[in-house]
Amino acid sequence: MIASRLARRLGADRNPLRRRTDRIAAWLAALLVVVFIIGAPAVSMAAVGWVGRSAATWQHAARSWRQVRAAPASPSLDLSGYSWVRARWIAPDGRARAGLIPVSVAVAAGQTVRVWVDTAGTPTGPPLTTGTVVADEVRTAAVAVIALGVILLCLMGAGRQLLDRRQLARWEAAWAAVGPEWTRRFRYRD
């Protein structure tokens, strides 16, 4: 029962009314499903590997980052709850540095805040956590699989459109051969 239904969907049921383009479209759809089933894990593993290598490089660089105390000037009001203000801090190499850092608007002038800096004393974000890396890997894998699905659907649509154009051209050629005969018959009937 299931096998006959699948054969009918794939156009392999020897139905004399089934057109060749219908069989080609069914096999194209089946091929693209197989490509998606095989390609989705491969694409997601490649995306996870890419994010993992990028995160490993980032985490390797983050090993030299240090938290230092910075004294910001009075923060300006910002709707997001954070603002960029000028601040001063001592870099890990002992030199005094100054620059813009993000601080909460609740920080008062003269109050110190902790800032992550690299070996040159340039402010950076906090090091990546394992949870952040895993979330990035999952998000990237999902986007890669969705992109693969969209590409395959576009290919299916383009293939179907090409097959429909060929079928319409065949119908038009057949009607061009038969149409004059039919119009003559109906013209003389009245």
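Each eigenvalue of the Cα gyration tensor of the range 112-190, multiplied by 5 and square-rooted, gives one semi-axis; in descending order these are 70, 12, 10 Å.
Accessible-area rank, largest first, for Glu172, Glu181, Glu137: Glu172, Glu181, Glu137, with all protein chains present and a 1.4 angstrom probe.
Residues whose amide H lies under 5 Å from that of Val85, counting only those 5 or more places away or on a different chain, are Ile101, Val103; hydrogens are built 1.01 Å from N in the peptide plane. Here the 3J(HN,Hα) profile of the range 64-69, calculated from phi with Karplus coefficients 6.51, -1.76 and 1.60 at θ = phi - 60°, is 8, 6, 9, 8, 10, 8 Hz, Gly and Pro shown as x. Ranking Asp93, Asp22 by solvent-accessible area of protein heavy atoms (1.4 Å probe, all protein chains present), from largest to smallest, gives Asp93, Asp22.
Among residues other than Gly125 with Cβ under 14 Å from its Cβ, the summed charge is 0 (Lys and Arg +1, Asp and Glu -1). List the residue ranges in the chain for DSSP H helices whose C-alpha atoms run 30 angstrom or more along the long axis and whose Kyte-Doolittle average is -1.0 or above. Helix filter hits for the chain: 20-62, 130-189. Spin-label pair Ala96-Val134: with each label point 7 Å from Cα along the Cα-Cβ axis, the two points sit 4.5 nm from one another. Tell me, which longest segment in the chain has none of the trypsin sites (Lys or Arg not before Pro) that fall in DSSP loops with at most 15 further Cβ atoms within 10 Å? Answer - 96-190.
Within the shell of other residues whose beta carbon sits under 14 angstrom from the beta carbon of Ala7, the net charge comes to +4, with Lys and Arg scored +1 and Asp and Glu -1. At a probe radius of 1.4 angstrom, the accessible area of the chain per residue rounds to 72 square angstrom. The alpha-carbon positions of the chain define a convex hull whose volume is 263 Å³ per residue.
Once C-alpha pairs closer than 8 Å and six or more residues apart are averaged by separation and normalised to the residue number of the range 85-145, the relative contact order reads 25 percent. The accessible surface of the chain, taken with every protein chain in place and a 1.4 Å probe, is 65 percent carbon and sulfur. Heavy-atom accessible surface of Thr129, to the nearest 10 Å², is about 70 Å², with a 1.4 Å probe and all protein chains retained. Mean-square fluctuations from a GNM of the chain, with a 10 angstrom spring cutoff on Cα atoms, peak among Ala71, Ala147, Ala40 at Ala71.
Of Pro72, Pro180, Pro127, the residue with the greatest mean-square motion in the GNM of the chain, using alpha carbon springs below 10 Å, is Pro180. Across the chain, Cα pairs under 8 Å and at least six residues apart give a relative contact order of 22 percent. Ordering Met45, Gln167, Trp89 by Cα displacement along the dipole of the chain toward the positive end leaves Gln167 in first place; charges were set at the Cβ atoms of Lys, Arg (+1) and Asp, Glu (-1). Dividing the summed helix terms, -39500 (n - 2.57) for each DSSP H run of n ≥ 4, by the number of residues in the chain produces a 222 nm estimate of -21500 deg cm²/dmol to the nearest 500. GNM on the chain, alpha-carbon springs under 10 angstrom: the most fluctuating residue among Trp84, Trp58, Trp27 is Trp84.
The values are calculated or read from the model by the stated rules, or taken from the named source; none is laboratory data. Values in this document were obtained by computation on a predicted structure and should not be read as measured data. Neighbour counts are summed over all protein chains in view; Cβ atoms, including those assigned to glycine, are modelled from backbone coordinates with ideal geometry. Please note that ligands, DNA and RNA were not included when accessible areas were found on the heavy atoms of the full protein model with its side chains. Shrake-Rupley method; radii C 1.70, N 1.55, O 1.52, S 1.80 Å.
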